[in-house]
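The values are calculated or read from the model by the stated rules, or taken from the named source; none is laboratory data. Quick caveat, the model's predicted, so the values are computed rather than measured. Glycine gets a Cβ as well: all are built from the backbone with ideal geometry, and neighbour counts include every protein chain shown.
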Amino acid sequence: MQNQNKKNISILILLIVSTWTFNSNANQFDNDQPTILITGSNRNIGLEFVKQFSQKDWNVIATCRNPKDADELNAFARNNENVVIEQLDITNNEHINNLSLKYEDQAIDILLNNAGLTPRYLSAFRKLSAVDEDIARESFEINALGTMKVIQAFMKNVQESNNGKIIALSSKASSFGERLKVPMMYSYAMSKAALNSMIYSLSFESKRKDVIVISLSPGMVNTTPGTSIMGAIEVEESVSKMMVVIDGLTMEDNGLFLDYEDGRTIDW
Ligand SMILES: NC(=O)c1ccc[n+]([C@@H]2O[C@H](COP(=O)([O-])OP(=O)(O)OC[C@H]3O[C@@H](n4cnc5c(N)ncnc54)[C@H](OP(=O)(O)O)[C@@H]3O)[C@@H](O)[C@H]2O)c1
């Protein structure tokens, strides 16, 4: 009996500690400030978006697959009350449903779909014969379907905003007009083209709901640890320029694929 009590107390302590390890309390939000939900926010471009929106005093719902392992994000959230961390694997329906229920009364001004499966550069230039079916399927699951499901779940929250925007980070690798004319990134380019197609279709619905929907290219950004790619920009530059583009969006931009640099239109 005593042993059972000890076991129960240990489980209780474990549960309490595990919920305290990351900051997940949206009650601390300032209702007078706009709110953004970001997917894949534990590293690189997603994490930089968290930092820059937080610095602009936005309420930030920073989602990621494994909050407990998101050391840099946790450290940032500890010092910035306007950032809450939530678990969201965008391929996991239970995660999506739980989060959507938790925030059902929260207007979301920007839904920023950043999470993606991006090929590392050494593997990017393989030919068709080297395409791995499992990776191709996973790319579709995450880049296209996962993003679609997140938008399905949170569209109503974005509609609650007076100035709602849905952004999907896409890639010029998927653009028929502007991609490099070489065989490359089959799974990635196909999945981002599917994402673009979803965004384009959605723009005809979203316009009636007063919500702006776009695909956005972050440029070629150095996000592979230990690698610096010739011509690539740093995360801070990409994100600060995207922030300007996102801030300036109007309904005229709805349904377009835009570039981080100056908001010019990229040919699908
Ligand atoms: N870097 C570039 O040059 C470039 C160029 C064009 C477009 N993009 C796009 O921009 C976005 C961000 O790029 P990045 O370079 O920062 O990518 P990254 O370093 O590969 O980070 C991707 C992020 O997405 C998350 N993620 C992956 N699968 C997920 C899932 N199922 N559910 C939730 N989160 C998931 C990752 O989480 P984990 O840490 O758990 O894996 C990580 O936080 C991506 O959509 C990418 O395709 C990037």
**Request:** Kindly list, by first and then second residue, each pair from a residue in the stretch 81-98 that is without any contact (Cβ under 8 Å) to a residue 60 or more places away in the chain to a residue that is hydroxyl-bearing (Ser, Thr, Tyr) and in a helix (DSSP H, G or I), limited to pairs with Cβ atoms under 6 Å and residues at least 6 apart or on different chains.
**Result:** ASN82/SER54
**Prompt:** In the stretch 36-63, what count of residues is obtained for those that are more than 17 Å from ASN82 (Cβ to Cβ) and either away from the ligand (no atom under 11 Å from the Cβ) or not polar (S, T, N, Q) (or both)?
**Reply:** 3
**Prompt:** When only residues in the stretch 184-213 that are in a loop (DSSP other than H, G, I, E, B) and either more than 23 Å from ASP134 (Cα to Cα) or in contact with a Cys (Cβ under 6 Å, 6 or more places away or on another chain) (or both) count, which is nearest to the ligand (Cβ to nearest atom)?
**Reply:** VAL211
**Message:** Kindly evaluate ALA75 against the criterion of being under 21 Å from LEU216 (Cβ atoms), out of contact with any strand residue (DSSP E or B) (no Cβ under 9 Å at 6 or more places or on another chain) and more than 9 Å from the ligand (Cβ to nearest atom).
**Reply:** no
**Message:** If I ask for residues that are surrounded by 14 or more Cβ atoms within 10 Å (Cβ to Cβ) and over 10 Å from VAL50 (Cβ atoms), which ones from the stretch 71-81 would you list?
**Reply:** ASN74, GLU81
**Fill in**
Of (1) buried (at least 18 other Cβ atoms within 10 Å of the Cβ); (2) within 13 Å of the ligand (Cβ to nearest atom), THR224 satisfies every one except (1)
**Request:** Select the helices (runs of 4 or more DSSP H) contained entirely in the stretch 73-183, then report the ones holding at least 3 residues which are over 17 Å from the mean Cα position of the chain (by Cα).
**Result:** 93-102, 133-139
**Request:** Test LEU180 against the stated conditions and say whether it is at pLDDT 95 or above and either away from the ligand (no atom under 12 Å from the Cβ) or of a type outside the set (S, T, N, Q) (or both).
**Result:** no
**Item:** Top-ranked residue in the stretch 228-239 [being closer than 19 Å to LYS172 by Cβ and more than 9 Å from the ligand (Cβ to nearest atom); ranked as modelled with the lowest pLDDT]
**Value:** MET230
